[in-house]
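Novice: Below: one structure in structure tokens.
The values are calculated or read from the model by the stated rules, or taken from the named source; none is laboratory data. Quick caveat: nothing in here was measured; it's all calculated off a predicted structure. Backbone-built Cβ (ideal geometry, glycine too); neighbour counts: all protein chains shown.
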Amino acid sequence: MTAKDSLDPRRIPRHIAIIMDGNGRWARQRGLKRHMGHRKGVDAVRRAVEACAEIGVEYLTVFAFSTENWQRPASEVNALMDLMVRTLNSEMDSLQRNGVRLSAFGDLDSLPSRTRTRLFQAIEDTRHNTRITLSLALSYSARWEILQAVQKLAADVEGGRLHPKDITHTVFRQYLATYPLPDPELLIRTSGEQRISNFLLWQIAYTELYFTPVLWPDFTKEHLFEAVAEFQRRQRRFGLTDEQLRQGVSPAITVDTAIKSP
Ligand code: FPP
């Protein structure tokens, strides 16, 4: 029986986030340049989107470029920015055919204009698709996100539009770059590294973490199904006891639920 066959269709995560790591090592192991690893990584993104769509995941978010990645050699940064443009061109038919709505969050103003223009066009062209939302975290880091949220929030307080005592969890999340995405239930990181690397720090408060040694370009649909199968074997307690959960006690923590569109 494959991992996919073992899945309980009633407990599929609505939102999966992925830290796609290991492209450089995949290339080095083959004596190739790093950008070849990123190119192969695009095939793995396609497989992950297809796998998620097949089992009914509604949101897939991938960490495509971090704030810290700007410090990489200019040749690699340029290759990645060009790869985004080429990928958005070559995958557009497939996104449309498969009902994929594209979205992006991060410091998008810092992207080169060729990448930003193509990205915004792709977001516009796919905005009516409803099967799955693929979000690209681009020029993103969670600390950047939290700081920009606090700056906007402070400006609203200063401008008299918001009172400090009204800053609830529900209000705060509206200032985050990911709004209105729901929190991910499952976060996958490939390549054996076991850290969060400044990704979605606020949103993963109660997310299940799954680490796999597989390098991102080698990540298959079956690997994704295995991660979901492991997710389904875990008991999510949100700070409650096993017994309380059986009695139907609701957790106090606010886990953001999905909102279909802004
Ligand atoms: C991490 O591997 C990967 C990245 C920094 C880039 C990932 C981007 C893509 C796969 C392109 C996606 C594009 C679209 C449009 C979806 P690494 O370079 O850190 O690998 P290493 O740790 O082995 O060096």
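Novice: Restricting the search to the stretch 124-145, which residues are surrounded by 17 or more Cβ atoms within 10 Å (Cβ to Cβ) and free of Cβ contacts under 8 Å to residues at least 60 places away in the same chain?
Specialist: Listed by number, the residues that qualify are T126, N129, E145.
Novice: With the requirement that a residue be out of contact with any strand residue (DSSP E or B) (no Cβ under 7 Å at 6 or more places or on another chain), away from the ligand (no atom under 12 Å from the Cβ) and touching a residue at least 24 places away in the same chain (Cβ under 8 Å), what does the stretch 102-115 give you?
Specialist: Answer for the stretch 102-115, where residues must be out of contact with any strand residue (DSSP E or B) (no Cβ under 7 Å at 6 or more places or on another chain), away from the ligand (no atom under 12 Å from the Cβ) and touching a residue at least 24 places away in the same chain (Cβ under 8 Å): P112, R114.
Novice: Which one of P180, P262 is farther than 28 Å from D5 by Cβ and at pLDDT 95 or above?
Specialist: After applying the criteria, what remains is P180.
Novice: Just give me the residues in the stretch 209-224 being assigned to a strand (DSSP E or B) and more than 15 Å from the ligand (Cβ to nearest atom), in sequence order.
Specialist: L209, Y210
Novice: Next question, about the same structure. So which of L153, L162 ends up being more than 24 Å from N198 (Cα to Cα) and touching a Leu at 6+ places or on another chain (Cβ under 8 Å)? Reasoning before the result, please.
Specialist: On the way: L153 fails: more than 24 Å from N198 (Cα to Cα).
Exactly one of L153, L162 is more than 24 Å from N198 (Cα to Cα) and touching a Leu at 6+ places or on another chain (Cβ under 8 Å), namely L162.
Novice: If you don't mind, another one. Going through the stretch 108-150 one residue at a time, which ones are part of a helix (DSSP H, G or I), farther than 20 Å from A79 by Cα and under 18 Å from the mean Cα position of the chain (by Cα)?
Specialist: I123, A142, R143, W144, E145, I146
Novice: How many residues does the stretch 19-40 contain that are within 22 Å of the chain's Cα centre (by Cα), touching a residue at least 24 places away in the same chain (Cβ under 8 Å) and near the ligand (Cβ under 9 Å from one of its atoms)?
Specialist: Final tally of qualifying residues: 11.
Novice: For residues that are assigned to a strand (DSSP E or B) and more than 8 Å from the ligand (Cβ to nearest atom), scanning just the stretch 41-75, find the one that is farthest from S141 (Cα to Cα).
Specialist: Only one residue tops the list, namely Y59.
Let's see how each residue does on (1) in contact with a helix residue (DSSP H, G or I) (Cβ under 7 Å, 6 or more places away or on another chain); (2) not in a helix (DSSP H, G or I):
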{"residue": "R161", "(1), (2)": "no, yes"}
{"residue": "L181", "(1), (2)": "no, yes"}
{"residue": "I188", "(1), (2)": "yes, yes"}
{"residue": "W202", "(1), (2)": "yes, yes"}
{"residue": "A229", "(1), (2)": "no, no"}
{"residue": "E243", "(1), (2)": "no, no"}
{"residue": "G248", "(1), (2)": "no, yes"}
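Novice: Report, by residue number, each residue of the stretch 76-101 that is more than 9 Å from the ligand (Cβ to nearest atom) and free of Cβ contacts under 8 Å to residues at least 40 places away in the same chain. If you could, list the steps in order and put the result at the bottom.
Specialist: The first filter runs over the stretch 76-101 and keeps only residues more than 9 Å from the ligand (Cβ to nearest atom), leaving 77-79, 81-82, 89-90, 92-101.
Selection gives V77, N78, M81, D82, N89, S90, M92, D93, L95, Q96, R97, R101.
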